[in-house]
Amino acid sequence: MAPSRITGRPVPSGGTTSALVRILEIAGVLLVVSFVVLAGAAAFLTYRVTTEHNDVEDVTPASFLLTSTEDVSFTTPNGGEHKGWLLRGLRGAPVILICHGYGTNRSDGLSLGTVLQENHFNVYLFNFRGSKKMSSMSDLGPSYIETLKAAIQKVTSVEGVNPRRVGLMGRTTGGYAALGAAEQSPLVKVLVVDSVYETPDQMLDSQISSLLGGASSGFFHGLAEGEFHLLAASAHPPNIRAGIAELGGVPKLFIAGRDSPDLMVTTEYLYQQAPQPKQMLIQEHTQLIFANESEKREYENAVLDFFLHNLPQRAD
């Protein structure tokens, strides 16, 4: 009788099993280390994005030799004190609030403000960052809306300003605030937003992509967003997409620049969701530090024309 044969996979020897276990242990350690490194990098970038600010006011009304100006400050419900410049236009004319963008301050809108004042509008420029701010971290939007609402309440109480007709102009974080405040305030009759977004997460993602030159994964962005939610846990973002339906009848100009591709996408989306009347303007540069003089003039003239056509200066 021929001997029987046992077939099947060879049983690993004790040495082979030990090597496999060691490899799996090393792989697990590497995964943990990689996760910790990525989480740390995401936390660092999230902290950098949410604490970015610029308090240096390179230009002031005196730089433009403006004389019809006043210092008008206001206080928010949380105790923050905010400085503002009121550029006086025609008595009884509407007031346009210019809401500066991410990483800038009120001086960034002074050139545009001067153009609007020369055309008889009252113009108010203020700082979102208060002089007595409790925290240096930004929630990239929700608190900006409350600050803007306080600014509207203050400036419409100033003598000589039409208290019933307000225009808003804002870029990035200021645009988010302008959109959110317009959805809540019946005083806002005209709205201009540049490089705006629907959720603070989108602004965070845009800034992280900018810092990394676009070389980041969805997983990395997810880590950053999770850490951002922990840092901004007290913030309660409004439903911008739902609220935009309340802006029917309010003339709206959406501006997007090819120099901010992520925010160009979000701006175009919000434009599509918005009811009429509305217009869309796409420029090569809306980050004015990269724009040449011709592009700056084109930008300012487009904003001026929109306000002139949609915000009459009658005193009613």
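Observations on the structure shown:
- When exposed loop sites are taken as trypsin sites (Lys or Arg not before Pro) in a DSSP loop with at most 16 other Cβ atoms within 10 Å, the longest stretch of the chain clear of them is 165-257.
- Counting other Cβ atoms within 10 Å as a rough exposure proxy, the listed residues 155, 72 run 72, 155 from fewest neighbours to most.
- Across 63, 260, 185, mean-square fluctuation computed from a Gaussian network of the chain (C-alpha pairs under 10 Å connected) peaks at 63.
- Think of region 148-213 as a dipole: +1 on every Lys or Arg Cβ, -1 on every Asp or Glu Cβ, centred on the Cα centre; then among 153, 180, 163, 163 lies furthest on the positive end.
- Among the listed pairs 83/278; 154/252; 189/252; 83/189, those beyond 21 Å (Cα-Cα): 83/278; 154/252; 83/189
- In the list (1) 126; (2) 175; (3) 187, the label attached to volume of the Cα convex hull per residue in Å³ as derived from the coordinates here is (3).
- Extension gain for residue 287 to residue 234 (0.36 nm times residue separation, less C-alpha to C-alpha distance): 16.1 nm.
- Amide proton proximity set for residue 192, modelled H, under 5 Å, gap of 5+: 168, 169, 170, 253
- Which of 173, 104, 16 has the fewest Cβ neighbours within 10 Å, and the rest in rising order: 16, 104, 173
- Over the chain, DSSP H runs of length four or greater, each weighted -39,500 (n - 2.57), average out per residue to a 222 nm ellipticity of -14000 deg cm²/dmol.
- In the chain the longest region clear of GluC sites (Glu not before Pro) that are loop-assigned by DSSP and have at most 16 other C-beta atoms within 10 Å covers 160-283.
- The amide H of residue 73, built 1.01 Å from its N in the peptide plane, has 84 as neighbours under 5 Å, considering only residues 5 or more places off or on other chains.
- Debye log10 I(q)/I(0) for region 271-316, one point scatterer per Cα, at q = 0.16, 0.18, 0.27 Å⁻¹: -0.60, -0.71, -1.00
- Sorted fewest first by neighbouring Cβ atoms within 10 angstrom, 108, 194 come out as 108, 194.
Bear in mind these aren't lab numbers, they're just calculated from the coordinates by the rules spelled out. Only a predicted model underlies this, so the values are computations on that prediction, with no experimental measurement involved. Heads up, the Cβs are rebuilt from the backbone with ideal geometry, glycines too, and the neighbour counts pull from every protein chain shown.
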